[in-house]
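Each remark here refers to the structure printed beneath this line.
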Amino acid sequence: MQLLFHPFDLHLKHTFTIAHDSRDIQKTLVVELRDGDFRGFGEATANPYYGITVDNMMDALAGARVLVEKGRFSSAEELWDHVHPVLQSNSFAQCALDEAAHDLFAKQNGQKLYKSWGLSIDRNPLTNFTIGIDTVEKMVSKMKELPWPIYKIKLGTDDDLKIVRELRKNTDAIFRVDANCAWTAEQAIAFAPELKQLGVEFIEQPLAADDTAGMKKVFAESALPVIADESCILESDVKKCHGLFHGVNIKLTKCGGLTPAKRMIAEARSLGMKTMVGCMTETSVGISAIAHLLPLLDYVDMDGSLLIRNDPASGVTFDFGKVIYSAENGTGAVLK
Ligand SMILES: [Mg+2]
């Protein structure tokens with residue numbers, strides 16, 4: 001088995017602004033595992049908030065190269081366990097490698113990835129489309145640019161309720177809001193009733209990731225369900241979110257890939273929590289990997305590839321929120 005790196009600079013269609021970040025270019029690393037004629041692809045994007053660069057991902061993976069290339073594995077899970085001691089300080093690198101392994105093994109088994117997991121796609125949830133923070137006028141025009149059944153609205157401004165009111169005047173779509181840690185418990189509790197009236201189905205990460213006391217209060221008093229994102233990073237966080245959030249938004253890059261994400265989803269479900277997977281502005285490589293978890297999810301946010309001007313890959317496509325799998329086996333992603 002051979003480990004190869006494909007770094008890319010992704011040009012975003014719009015400057016992407018959330019409560020703690022703003023950018024026009026997204027750097028990403030596509031990892032390839034090659035075994036004979038089979039090629040598996042995985043991806044993780046660079047992320048300043050988590051201190052992740054393309055260079056430190058490649059360095060981390062170079063440290064695991066011998067383990068990967070000389071090892072013999074019968075499953076992606078086995079490979080994950082084998083390299084985890086070396087990659088645990090860089091979950092993004094582990095994620096890219098893990099997605100590539102799942103893609104490769106499913107291709108070698110002649111199956112689409114979800115089939116190789118024994119899942120059926122009959123009841124897949126629709127994906128939302130995210131509207132980043134901008135002037136109210138620009139947020140409305142971004143929304144009108146792409147008619148969609150569910151929008152996730154990034155908040156954390158001084159005009160959060162005004163933004164949602166204005167967007168609501170222009171669509172009947174379902175709304176979700178994501179404050180990215182920007183609110184206080186008092187704000188979250190005060191905003192929730194009007195947001196609910198405006199057709200918002202849940203609030204994602206209203207408070208700072210470590211504000212446990214605040215989240216207890218919001219969980220008890222909020223008119224809307226709350227979903228953890230920045231508070232749910234690693235597998236061990238699922239349990240900690242129980243009793244503070246109604247559900248968890250799992251990011252493959254933060255937890256280390258599909259392998260731990262599947263375990264986190266199973267744990268969240270066993271605790272009676274809603275399950276969601278989110279994305280990090282990945283290309284069709286990372287987004288196609290997420291698609292295979294859909295049968296296990298209540299909600300999904302996998303619009304990353306739609307936000308990019310120069311997607312270097314093909315894979316899943318979208319039809320008004322519905323995810324269409326490519327004809328290829330594995331995740332279905334192929335570098336162009
Ligand atoms: Mg979020």
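The values are calculated or read from the model by the stated rules, or taken from the named source; none is laboratory data. What you see is a predicted model, and the numbers here were worked out from it, not measured in a lab. Reconstructed Cβ throughout: ideal geometry from the backbone, glycine too, with neighbour counts over all protein chains shown. Note: accessible area is taken over every heavy atom of the protein model, side chains too, but ligands, DNA and RNA are not part of it. Shrake-Rupley method; radii C 1.70, N 1.55, O 1.52, S 1.80 Å.
Based on what the data block shows, is residue 302 within 14 Å of the ligand (Cβ to nearest atom) and touching a helix residue (DSSP H, G or I) at 6+ places or on another chain (Cβ under 8 Å)? Reasoning before the result, please.
Working: within 14 Å of the ligand (Cβ to nearest atom): yes; touching a helix residue (DSSP H, G or I) at 6+ places or on another chain (Cβ under 8 Å): yes.
Criteria met by residue 302.
Of the residues in the range 107-121, how many are basic (Lys, Arg) and open to solvent by 40 Å² or more (accessible area, probe 1.4 Å)?
Of all residues in the range 107-121, those basic (Lys, Arg) come to 107, 112, 115.
Subsequent filtering for residues that are open to solvent by 40 Å² or more (accessible area, probe 1.4 Å) retains 112, 115.
Residues that pass the stated criteria total 2.
Taking the range 194-210 as the search range and keeping residues that are among the acidic types (Asp, Glu) and within 15 Å of the ligand (Cβ to nearest atom), which one is nearest to residue 160 (Cα to Cα)?
204
Here are some residues: 166, 137. Which one is acidic (Asp, Glu), in the same structural domain as residue 328 (by TED's automatic domain parsing) and free of Cβ contacts under 8 Å to residues at least 12 places away in the same chain?
Unique residue meeting the criteria: 137.
Looking at the range 249-265, is at least one residue closer than 21 Å to residue 174 by Cα and away from the ligand (no atom under 15 Å from the Cβ)?
Checked against the condition, which is being closer than 21 Å to residue 174 by Cα and away from the ligand (no atom under 15 Å from the Cβ), the range 249-265 yields no hits at all.
Take the conditions more than 16 Å from the ligand (Cβ to nearest atom) and crowded, with 24+ Cβ neighbours inside 10 Å and apply them to residue 8. Does it pass?
So residue 8 does not fit the description; no.
Looking at (1) under 20 Å from residue 89 (Cα atoms); (2) open to solvent by less than 10 Å² (accessible area, probe 1.4 Å); (3) among the charged types (D, E, K, R), which is the one condition that is false for residue 282?
Condition not satisfied by residue 282: (1).
Yes or no: the range 171-193 includes at least one residue that is within 17 Å of residue 276 (Cβ to Cβ), more than 16 Å from the ligand (Cβ to nearest atom) and not in a helix (DSSP H, G or I).
Yes, the conditions are met somewhere in the range 171-193.
I'd like to check which helices (runs of 4 or more DSSP H) are fully inside the range 13-119 and have at least 2 residues that are within 17 Å of the chain's Cα centre (by Cα).
91-108
Working only within the range 2-44, note down all residues that are of a type in the set (Phe, Trp, Tyr) and over 22 Å from residue 157 (Cβ atoms).
The answer is 5, 8, 38, 41.
Out of all the residues in the range 240-257, is one or more open to solvent by 10 Å² or more (accessible area, probe 1.4 Å) and charged (D, E, K, R)?
Yes: one or more hits.
Table: residues versus (1) closer than 18 Å to residue 292 by Cα; (2) of a type in the set (D, E, K, R); (3) buried (at least 24 other Cβ atoms within 10 Å of the Cβ).
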residue: 74; (1), (2), (3): no, no, no
residue: 78; (1), (2), (3): no, yes, no
residue: 81; (1), (2), (3): no, yes, no
residue: 89; (1), (2), (3): no, no, no
residue: 98; (1), (2), (3): yes, yes, yes
residue: 102; (1), (2), (3): yes, no, yes
residue: 105; (1), (2), (3): yes, no, yes
residue: 123; (1), (2), (3): yes, yes, no
residue: 126; (1), (2), (3): yes, no, no
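If you take the residues in the range 305-327 that are under 13 Å from residue 150 (Cβ atoms) and either without any contact (Cβ under 8 Å) to a residue 40 or more places away in the chain or in a strand (DSSP E or B) (or both), which one is farthest from the ligand (Cβ to nearest atom)?
322
Can you say whether residue 152 is open to solvent by less than 10 Å² (accessible area, probe 1.4 Å), within 14 Å of the ligand (Cβ to nearest atom) and part of a helix (DSSP H, G or I), as far as the supplied structure shows?
Values: open to solvent by less than 10 Å² (accessible area, probe 1.4 Å): yes; within 14 Å of the ligand (Cβ to nearest atom): yes; part of a helix (DSSP H, G or I): no.
Against the criterion (open to solvent by less than 10 Å² (accessible area, probe 1.4 Å), within 14 Å of the ligand (Cβ to nearest atom) and part of a helix (DSSP H, G or I)), residue 152 does not qualify.
Could you tell me which residue of the range 211-233 is most open to solvent (accessible area, probe 1.4 Å), considering only residues that are away from the ligand (no atom under 16 Å from the Cβ) and part of a loop (DSSP other than H, G, I, E, B)? Show your work before the answer.
Narrowing the range 211-233 to residues away from the ligand (no atom under 16 Å from the Cβ): 212-214, 216-217, 219-223.
Still in the running and part of a loop (DSSP other than H, G, I, E, B): 222-223.
Values: 222: 21, 223: 40 Å².
This residue is 223.
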